[in-house]
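Notes follow once the structure below has been shown.
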Amino acid sequence: MTLAVKAVGIRKSFGSHEVLKGLDLDVTYGEVLCILGPSGSGKSTFLRCINHLETPNGGYVWVDGAIMGYELARGALQELPVKRLRAQQSQLGMVFQHFNLFAHRTVLGNVIEGPMVVRGLSRADAEARAMGLLEQVGMAAKASSYPSQLSGGQKQRVAIARALAMEPRVMLFDEPTSALDPELVGEILEVMRNLARGGTTMIVVTHEIGFAREVADRVVVMIDGEIRENGAPQQVLSNPDDPRVRTFLSRVLA
Amino acid sequence: MQSTSNPISTLSLADLPGPDVAIRRLKHPGRWISGGLVILLIAVIGRAFAVGQIQWTVVGEFLTAGVIITGFGWTLLISACALVLGVLLGFAFGIMRLSENPILRFAAWLYVWVFRGTPVLLQLLIWFNIALVFPKLYIPGLIDARMVDVVTPFVAAVLGLGVNEGSYLTEVVRGGIGSVDKGQKEAAHTLGMTPGQTMRRIILPQTLRLILPVLGNSAIGMLKFSSLAATIAMGEMLNAAQRIYFINGAVIELLFVCAVWYLAGTTVLSIGQYYLERHFGRDAATTTTERRWFKGWARRPAVTGEA
Ligand SMILES: Nc1ncnc2c1ncn2[C@@H]1O[C@H](COP(=O)(O)OP(=O)(O)OP(=O)(O)O)[C@@H](O)[C@H]1O
Ligand SMILES: [Mg+2]
């Protein structure tokens with residue numbers, strides 16, 4: 001039960017709109033955590049604060065022995081230069097709702113970009129490892145295709161391989177299946193299920209309650225920028241304490 | 001009387017012709033007439049030039065005259081240098097235009113405002129006379145010279161045309177960068193790529209593909225605008241032609257000589273632009289082989305797909 005991620009008092013506002021109202025969250029290694037909640041409750045913003053795609057206005061995120069974006073100096077958090085922040089960010093793999101593949105790179109090019117440019121691997125090494133990952137997500141045959149030639153499900157599998165190529169400590173998923181046609185959702189959930197089985201630590205924002213029930217070790221429900229439930233899937237999903245969580249779940253489970 | 005208003009219903013199956021029936025196409029007399037008129041017009045204009053006060057032998061004579069060829073060489077050199085300068089400035093200021101730093105953003109805006117907002121001929125004249133503002137060019141340990149010696153007509157021409165072109169390209173580059181979707185930038189950040197790496201490896205290559213067709217236009221425009229340098233005593237082709245016809249009086253002949261060379265130059269560039277657009281103008285859905293041509297360095301993967 002080693003701690004992998006610890007979010008402490010995360011607050012975030014856009015203008016005068018307070019989206020996150022001081023969130024705390026612990027994630028241990030090997031754990032699969034699903035974040036559920038109504039649209040606009042701040043799930044994406046929270047995930048993006050965890051890897052500093054958005055800078056929180058208050059609070060901080062500790063990842064594997066270091067605070068994201070800061071260093072502790074004389075009792076205060078001193079902001080890090082961008083290069084060191086990027087190095088920290090590369091420890092958290094991110095999978096986006098809209099894939100965000102590099103349009104001018106092949107499938108293989110997408111996967112080797114990070115290892116080559118950031119980790120300084122040789123092209124041969126990066127390609128050999130990338131092919132292994134593409135194999136794992138069933139995309140090896142498409143290695144020399146361009147993103148525009150792939151289906152949504154295929155793009156998302158490549159995006160997962162690209163994130164895995166950095167050998168991140170934790171994988172973050174922001175609604176990885178929401179932009180997909182229903183018949184393609186299964187192939188992505190299957191890849192994620194395999195990752196979970198292999199012991200990958202994952203934080204998954206999702207609307208797939210079935211996936212949460214089956215795969216998650218723990219489920220968090222966010223409402224209006226607050227964590228209202230945090231516990232085992234069967235307890236949170238079947239028997240939530242919070243009345244607003246009960247209304248939310250009854251709507252999505254209906 | 002048989003109805004002619006609805007011939008389909010009156011044609012019985014028994015009357016249908018065989019499959020090899022002859023087909024007579026509709027005639028287009030209007031096209032022939034209008035085409036004939038245009039040809040006539042061209043002929044009349046052509047004749048006017050042929051019999052007018054133009055000594056075609058003089059045109060032929062000066063077409064390959066050493067002074068004209070040298071002038072055309074200068075024209076090409078000015079255009080090429082100014083285009084390179086314009087592209088460099090366009091990228092530099094285009095990136096600055098999107099900087100986080102408000103001062104840099106403002107500087108880039110100011111650049112575009114000034115140089116896109118004033119006539120390029122005026123700018124050429126100002127560059128040519130820049131010594132009146134800055135009599136000396138002094139950079140400690142690097143340069144210490146009189147401005148008139150530094151800003152020769154050639155330098156003034158390249159600066160004037162290049163800096164002006166750069167102000168247009170700044171906007172083009174800004175648009176190109178803005179059209180690369182923001183998600184790719186975020187993806188690069190989550191992989192740990194620095195802002196510089198993201199710009200160089202993810203954003204700019206896609207921007208370049210978008211703006212290459214525009215660069216074709218710039219090159220053609222630059223070739224023609226370089227003739228403005230004639231006004232600042234730069235010995236490019238038009239200036240050379242002028243110096244000749246001041247002496248021999250063959251004004252229209254020498255201007256025609258220039259026209260022939262400019263047309264030749266822009267034709268070559270247009271052909272080049274056609275091929276550029278064929279390869280880069282399309283969206284990302286180009287096939288693998290075509291994109292390989294663009295990325296000469298994109299080698300085949302060392303490990304190919306097993307499946
Ligand atoms: N960049 C931004 N600028 C301004 N407001 C924002 C920004 N990003 C998010 N918001 C606002 O923050 C709130 C939470 O957004 P967020 O995307 O985190 O919700 P979510 O829980 O992920 O919703 P969904 O399930 O629809 O994805 C919303 O009200 C949204 O309008
Ligand atoms: Mg969201």
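Against the definition (free of Cβ contacts under 8 Å to residues at least 12 places away in the same chain and closer than 20 Å to A:D174 by Cβ), how does A:H98 come out, yes or no?
no
Considering every residue within the stretch A:234-249, establish whether at least one is over 19 Å from A:S41 (Cβ atoms) and open to solvent by less than 10 Å² (accessible area, probe 1.4 Å).
No, the stretch A:234-249 contains no residue that is over 19 Å from A:S41 (Cβ atoms) and open to solvent by less than 10 Å² (accessible area, probe 1.4 Å).
Only one of A:R86, A:R48 is within 14 Å of ligand 2 (Cβ to nearest atom), at the interface with another protein chain (Cβ under 10 Å from one of its Cβ atoms) and basic (K, R). Can you tell me which?
After applying the criteria, what remains is A:R48.
Could you please give the count of residues in the stretch B:186-208 that are more than 7 Å from chain A (Cβ to nearest Cβ) and open to solvent by 30 Å² or more (accessible area, probe 1.4 Å)?
So the answer is 5.
Taking the stretch A:94-132 as the search range and keeping residues that are closer than 13 Å to A:N51 by Cα and facing chain B (nearest Cβ under 7 Å), which one is nearest to the chain's Cα centre (by Cα)?
Across the stretch A:94-132, the extreme among qualifying residues is A:M94.
Might you check whether a residue that is closer than 15 Å to B:E61 by Cα and touching a Phe, Trp or Tyr at 6+ places or on another chain (Cβ under 6 Å) occurs anywhere in the stretch B:209-231?
There is no residue in the stretch B:209-231 that is closer than 15 Å to B:E61 by Cα and touching a Phe, Trp or Tyr at 6+ places or on another chain (Cβ under 6 Å).
Which count do you get for residues in the stretch B:92-102 that are in a helix (DSSP H, G or I) and either surrounded by 14 or more Cβ atoms within 10 Å (Cβ to Cβ) or among the aliphatic types (A, V, I, L, M) (or both)?
Number satisfying all stated conditions: 6.
Testing A:A76 on (1) more than 16 Å from ligand 1 (Cβ to nearest atom); (2) small (G, A, S); (3) more than 14 Å from chain B (Cβ to nearest Cβ); (4) within 20 Å of A:M202 (Cβ to Cβ), one condition comes back false. Which one is that?
(4)
Condition first: part of a strand (DSSP E or B), within 16 Å of ligand 2 (Cβ to nearest atom) and surrounded by fewer than 22 Cβ atoms within 10 Å (Cβ to Cβ). Can you find one or more residues in the stretch A:18-33 that meet it?
yes
Could you tell me whether B:R105 is of a type in the set (K, R), open to solvent by 60 Å² or more (accessible area, probe 1.4 Å) and modelled with pLDDT of 95 or more?
When the stated conditions are applied, B:R105 passes them.
Going through the stretch B:153-185 one residue at a time, which ones are within 14 Å of chain A (Cβ to nearest Cβ) and either at pLDDT 95 or above or assigned to a helix (DSSP H, G or I) (or both)?
B:G176, B:I177, B:S179, B:K182, B:G183, B:Q184, B:K185
Filter the stretch A:90-134 down to the residues that are open to solvent by 30 Å² or more (accessible area, probe 1.4 Å) and part of a loop (DSSP other than H, G, I, E, B) and list them by number.
Selection gives A:Q91, A:Q97, A:H98, A:V118, A:R119, A:G120, A:L121, A:S122.
Among the residues of the stretch A:133-144, which ones are more than 7 Å from chain B (Cβ to nearest Cβ) and polar (S, T, N, Q)?
Selection gives A:Q136 alone.
Can you find even one residue in the stretch B:221-228 that is open to solvent by 10 Å² or more (accessible area, probe 1.4 Å), in contact with a strand residue (DSSP E or B) (Cβ under 6 Å, 6 or more places away or on another chain) and assigned to a helix (DSSP H, G or I)?
no
Report every pair of residues separated by at least 6 positions or lying on different chains whose Cβ atoms are under 7 Å apart, first residue within the stretch A:36-61 and open to solvent by 20 Å² or more (accessible area, probe 1.4 Å), second part of a loop (DSSP other than H, G, I, E, B) and more than 8 Å from ligand 1 (Cβ to nearest atom).
Note: pairs meeting the criteria are A:T55/A:G69; A:Y60/A:M68.
Quick check on the stretch A:239-249. Is at least one of its residues of a type in the set (A, V, I, L, M), within 16 Å of ligand 1 (Cβ to nearest atom) and at pLDDT 95 or above?
There is no residue in the stretch A:239-249 that is of a type in the set (A, V, I, L, M), within 16 Å of ligand 1 (Cβ to nearest atom) and at pLDDT 95 or above.
Any idea how many residues of the stretch A:204-227 are out of contact with any Gly (no Cβ under 7 Å at 6 or more places or on another chain) and either open to solvent by 70 Å² or more (accessible area, probe 1.4 Å) or within 13 Å of ligand 1 (Cβ to nearest atom) (or both)?
So the count comes out to 12.
Have a look at A:P147, A:P168 and point out the one that is facing chain B (nearest Cβ under 10 Å) and touching a Gly at 6+ places or on another chain (Cβ under 7 Å).
Just one listed residue meets the conditions, A:P168.
The values are calculated or read from the model by the stated rules, or taken from the named source; none is laboratory data. Everything quoted here is computed from the prediction, not taken from an experiment. Here Cβ is always computed from backbone atoms with ideal geometry, including for glycine, and neighbour counts include all displayed protein chains. These accessible areas exclude ligands, DNA and RNA; they are computed on the full protein's heavy atoms, side chains included. Shrake-Rupley method; radii C 1.70, N 1.55, O 1.52, S 1.80 Å.
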